[in-house]
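These notes concern the structure reproduced below.
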Amino acid sequence: MRVCRTGTSPTRLRPDADMNILEDVREAVIAISVGFVASYGDIGKRIGAGPRQVGRAMTLLDDSVPWWRVVYADGTPASCHSGRAPGLLNDEGTPMLGARVDMKRARQQWVP
């Protein structure tokens, strides 16, 4: 899927693309197994979007999606939702290296 941008903002999508990327991001995040994570870039590669577009779409999703399983490329958990991500990741047994997720052990490996 190719997502077209408009304007000067790299995260602004065409209205007809908004629903597609939202659904694609939702499906990708829901597919992340308990105890594993994906970076914004990992999800972007999976759905054919940039990591900033994924981040923008994540802000529009509701709490029924396991948002805490999406981390920065270096394993840093999200800081939104009052900083609850590290605790939720810990509760799921996600491998950590200090305050970051151990991306070598915890990165979601999707089957093509």
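The residues of the range 45-60 that are out of contact with any strand residue (DSSP E or B) (no Cβ under 8 Å at 6 or more places or on another chain) and either crowded, with 23+ Cβ neighbours inside 10 Å or hydroxyl-bearing (Ser, Thr, Tyr) (or both), listed by number, are Ala49, Ala57, Thr59.
Taken as a whole, the structure leaves Gly55 outside the set of residues that are touching a residue at least 24 places away in the same chain (Cβ under 8 Å) and in a loop (DSSP other than H, G, I, E, B). Look at Gly83 and say whether it is at pLDDT 95 or above and small (Gly, Ala, Ser). Answer is no for this residue.
Within the range 78-97, the set of residues being over 14 Å from Gly35 (Cβ atoms) and in contact with a Gly (Cβ under 9 Å, 6 or more places away or on another chain) comprises Leu97 only. Taking Ala38, is it modelled with pLDDT of 95 or more and either outside any helix (DSSP H, G or I) or of a type in the set (Gly, Ala, Ser) (or both)? Here the answer is yes, as Ala38 does meet what is asked. Assuming Ala73 fulfils every condition listed in (1) over 11 Å from the mean Cα position of the chain (by Cα); (2) surrounded by fewer than 18 Cβ atoms within 10 Å (Cβ to Cβ) apart from one, which condition is it? Exception for Ala73: condition (1). The residues listed here are Ala28, Ala57; of these, the one that is more than 24 Å from Lys104 (Cβ to Cβ) and under 10 Å from the mean Cα position of the chain (by Cα) is Ala57.
The values are calculated or read from the model by the stated rules, or taken from the named source; none is laboratory data. Keep in mind that this is a model prediction, so the values were computed, not measured. Virtual Cβ from ideal backbone geometry, glycine too; neighbours counted across all protein chains shown.
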